[in-house]
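Single-structure report; data block below.
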Amino acid sequence: MNSRTPKGVLRFCWAISLAGMAVFAAVLAAAPALPVEDATFWLLTAGVVVAELFPLRIPRRGDDEAVTIATTFSYALLITSGLPAAIVVQAAASVIQDALVRKPVWRILFNVGQYTLSLGAAALVLHAFAALPVMHGLQGSSLETADFPAVVVGAAAYFLVNATVVGIAVALYRQATVVEYLRSDAAFIAMLAAVLLSLAPVVIASISYSPAMVPLLIAPFVLVHRFVRQSSRAQHAATHDSLTSLANRERFQELVSATIEDRGERAHFAVLLLDLDRFKEINDTLGHHYGDHLLAQVGPRLSLAVRSTDVVARLGGDEFGVLMRDLPAGSRTALEGAERIRAALSQPFDLDGFVVEVDSSIGIAMCPEDGRDIETLLQRADVAMYRAKETHSDYLLYNSDYDHHSPARLALVSDLRQALDRGGIELWYQPKLDLATGAVSGVEALVRWEHPTLGMLQPSAFIDLAERTGLIKPLTHRVLELALTQRRAWLAEGLDLLVAVNVSARSLLDRRFPGEVARLLERYELRPGALKLEITESSIMADPIAATATIGELRTLGIEFGVDDFGTGYSSLAHLRSLPVSELKIDKGFVLRMGSTAGDAAIVRSTIDLGHNLGLRVVAEGVEDADALALLRELGCDEAQGFYIARPMPAPELGPWLSRHRERSATVTPLDARRRLGEGR
Ligand code: C2E
Ligand code: CA
Ligand code: CA
């Protein structure tokens, strides 16, 4: 039997099975023969069986949940054909379905037991309140309006018994209390039961009116079935990585948080972080295509190596996460899991004829021992993973000693969380110049963190950490809030400055991000054209399909997009053309070197042409001297940004800078502008 199922659950399930079986036997002993010559009996039986065979898979906060609409038909069967018919048919249908999906015997029997008890409870109520003949059913006579209250109370009894029995089993399994389980799920279960059970009288009335009504009844069920299938496919696309089909980071974090919430004090699980040691090398030497190929093969190997209840996710790049829930033997089970993963990945990979071997490092953090919230757990698994890399261990369980090796990283996480709550995050702004007119075309918002002891921190000190620990989401939110507040304030001063905000790859993969941006624009009463988002080329390429979808959604809100750090990723021309962006930003590396290296100058020149041919504006960043600015003008670059023009500055300094800039350029720009116009652009 299943050694991972807690003993308490098994005991409880056997008790319910036995109780159900006793009721089953007693009812059948006293029962008349089944109404086999009755058409209604067969129609409803068909309903129960078909509904059991095609459960709806409803995507919920935790896992997908299989929901069957058989209840509608079995409750109808109870009323029209009596309790014996209802429990026999329901038992047969559920055994067939459970056996088809290979549920263990104890679960098959438990289901029969709980259905029998629920139907039995409903029958008792129907008998007591409406004096309906529960052993024989209505047998062709119709349901009276006066019977309706009893039908409702009977349904309530069915629901109560069913929810309690299933609730206790789930609660025992999750090692939570029934109350905790019901609280997390009660609204959904009650709503579902109310709908399914209240359909029973409708089914009865239709059939007794004419069996020809049956196809009309089936139509809406089929429709619902299709809708649910469709929406769960859409949901799947939004929550899974398109390359590996594994859950994405958002989904992973959601599942970890749901596990913490559902299990409450009894939460007992492990978070494993894994990254491939030689991935970058493979990507760089063999190319992007082979890198993708490798990642696509890692996914299935991971999924096969873990238990069916575990969740494998691709967190980004070559980083994977595994959530191991309900660990009976604690960290031992987690270490065994890590060992299986290591073994699975140690076999060579065949990438279109190139055979490569990859090593992986795994870091493990346990809940509750190492933390009770997602950020701490991810961060500690990260510390353990780094330690595993340093010591060339395959996997390591987090240990607070490792913190000595990365004390700064550790402290920063909790400091950053505090800064997000209490303040300390601010934005500096760097102007962008329109090279044709010399006017300021907008500003880029760059995040800064005024740390209480470390002083002013640059993004390189904390963005990566925020991304790894899930804090990037609140951080991006804060940055957007600050940028839009500033934009509003400038508008009030009569300054119409387009603000560009950098968003990380994570936001691009978050299906809630477009809604979040829309709400913020509304809150600050700004039209969508007020905001530009910059996304790096490599973050688009991490999951081009998902990124394109998010960008498309935000574009319909009227938000402009620029591709940042262009030239450092691997985007193909075909891809670039299909992206709904309006700006290319040449990576500062090329711009900084273009004065000294011919190759870089050529890249800058051809990127400008490429951008223009695609109908995009081209911006050069990293303009550090007058020569660079002059060359870019000559090459027809549209905008420039860099220390030579202005360094990033706090918002209050921008007004004075703008005035100085206007004075300076009043003498220079008209000439330049004329020259550009003279070239006929
Ligand atoms: P980025 O988007 O490429 O931003 C431009 C970076 O280049 C800024 O660094 C800016 O200060 C710097 N820079 C500007 N002009 C010059 C120049 O002439 N020469 C040189 N050498 N550098 C110049 P910063 O502010 O340190 O930001 C670094 C990166 O951090 C940004 O690169 C961006 O990717 C990321 N970042 C900044 N703010 C945010 C944010 O709010 N959210 C996210 N997700 N990332 C951000
Ligand atoms: Ca940028
Ligand atoms: Ca850049």
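Taking the criterion of being loosely packed, with under 15 Cβ neighbours inside 10 Å and closer than 30 Å to ASP510 by Cα, the residues of the stretch 217-231 that qualify are LEU223, VAL224, ARG226, PHE227, ARG229, GLN230, SER231. None of VAL214, VAL195 is modelled with pLDDT under 80 and surrounded by 12 or more Cβ atoms within 10 Å (Cβ to Cβ) except VAL214. The residue of the stretch 610-628 that is farthest from ligand 2 (Cβ to nearest atom), among those that are in contact (Cβ under 8 Å) with a residue 24 or more places away in the chain and part of a helix (DSSP H, G or I), is ASP627. Within the stretch 521-546, residues that are under 17 Å from VAL619 (Cβ atoms) sit with their Cβ atoms under 8 Å from residues that are open to solvent by 40 Å² or more (accessible area, probe 1.4 Å) and of a type in the set (D, E, K, R), at 6+ positions apart or across chains, in these pairs: LEU531/GLU560; LYS532/GLU560; LEU533/GLU560; THR536/ASP565; GLU537/ASP565.
Going through (1) within 16 Å of ligand 1 (Cβ to nearest atom); (2) within 17 Å of LEU509 (Cα to Cα); (3) outside any strand (DSSP E or B) one by one, VAL604 falls short only on (2).
Listed here are the residues, each with its yes/no results for (1) buried (at least 21 other Cβ atoms within 10 Å of the Cβ); (2) farther than 25 Å from ALA628 by Cβ; (3) of a type in the set (S, T, N, Q); (4) away from ligand 2 (no atom under 16 Å from the Cβ).
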{"position": "ALA542", "(1), (2), (3), (4)": "no, yes, no, yes"}
{"position": "ALA549", "(1), (2), (3), (4)": "no, yes, no, yes"}
{"position": "GLY569", "(1), (2), (3), (4)": "no, no, no, no"}
{"position": "ASP587", "(1), (2), (3), (4)": "yes, no, no, no"}
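For the stretch 433-470, filtering for residues that are away from ligand 1 (no atom under 14 Å from the Cβ) and either within 30 Å of ARG617 (Cβ to Cβ) or touching a Pro at 6+ places or on another chain (Cβ under 8 Å) (or both) leaves 8. Of the residues contained in the stretch 555-563, one or more are found to be on the phi > 0 side of the Ramachandran plot, away from ligand 2 (no atom under 16 Å from the Cβ) and either touching a helix residue (DSSP H, G or I) at 6+ places or on another chain (Cβ under 7 Å) or at pLDDT 95 or above (or both). Within the span defined as the stretch 462-474, every residue fails to be open to solvent by less than 20 Å² (accessible area, probe 1.4 Å), within 26 Å of LEU584 (Cα to Cα), of a type in the set (Ser, Thr, Tyr) and touching a helix residue (DSSP H, G or I) at 6+ places or on another chain (Cβ under 8 Å). For the stretch 327-347, the criterion of being open to solvent by 20 Å² or more (accessible area, probe 1.4 Å) and within 25 Å of the chain's Cα centre (by Cα) is met by no residue.
Taken together, LEU592, LEU584 contain a single residue that is within 13 Å of LEU610 (Cβ to Cβ), within 16 Å of ligand 3 (Cβ to nearest atom), of a type outside the set (Gly, Ala, Ser) and without any contact (Cβ under 8 Å) to a residue 40 or more places away in the chain, which is LEU584.
If you filter the stretch 617-633 down to residues that are under 16 Å from ALA500 (Cα atoms) and surrounded by 22 or more Cβ atoms within 10 Å (Cβ to Cβ), you find that the one that is nearest to ligand 3 (Cβ to nearest atom) is GLU621.
Using the structure shown, decide if LEU457 is open to solvent by less than 60 Å² (accessible area, probe 1.4 Å), of a type in the set (A, V, I, L, M, F, W, C), in contact with a Phe, Trp or Tyr (Cβ under 8 Å, 6 or more places away or on another chain) and within 16 Å of ligand 3 (Cβ to nearest atom). In short, no. When LEU243 is tested against (1) in a helix (DSSP H, G or I); (2) among the hydrophobic types (A, V, I, L, M, F, W, C); (3) open to solvent by 50 Å² or more (accessible area, probe 1.4 Å), just one condition goes unmet, and that condition is (1). Got a sec? Which of LEU484, LEU491, LEU533 is open to solvent by less than 40 Å² (accessible area, probe 1.4 Å), more than 29 Å from LEU273 (Cβ to Cβ) and at pLDDT 80 or above? Just one listed residue meets the conditions, LEU484. Selection of first residues in the stretch 452-467 that are away from ligand 2 (no atom under 16 Å from the Cβ) and of second residues that are open to solvent by 90 Å² or more (accessible area, probe 1.4 Å) and in a helix (DSSP H, G or I), restricted to Cβ pairs under 9 Å at least 6 apart or on distinct chains, gives the following pairs, ordered by first then second residue: PRO452/GLN418.
To keep it simple, each residue is scored yes or no on (1) under 16 Å from LEU117 (Cα atoms); (2) among the β-branched types (Val, Ile, Thr).
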site: ALA26; (1), (2): yes, no
site: ALA33; (1), (2): no, no
site: GLU37; (1), (2): no, no
site: ARG57; (1), (2): no, no
site: GLN90; (1), (2): yes, no
site: VAL101; (1), (2): no, yes
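Among the residues of the stretch 463-481, just one is at pLDDT below 95, within 16 Å of ligand 3 (Cβ to nearest atom) and either polar (S, T, N, Q) or over 20 Å from the mean Cα position of the chain (by Cα) (or both), namely ILE463. ALA365 fulfils the conditions (1) part of a helix (DSSP H, G or I); (2) within 30 Å of LEU172 (Cα to Cα) except for a single criterion, (1).
Residues of the stretch 634-661 that are more than 16 Å from ligand 2 (Cβ to nearest atom) and open to solvent by 40 Å² or more (accessible area, probe 1.4 Å): GLU634, TYR644, PRO652, GLU653, PRO656, SER659, ARG660.
The values are calculated or read from the model by the stated rules, or taken from the named source; none is laboratory data. None of these values were measured; they are calculated from a predicted model. Counting neighbours? That spans all protein chains shown, and the Cβs are built from the backbone with ideal geometry, glycine included. Only protein heavy atoms, including side chains, enter the accessible area calculation; ligands, DNA and RNA are left aside. Shrake-Rupley method; radii C 1.70, N 1.55, O 1.52, S 1.80 Å.
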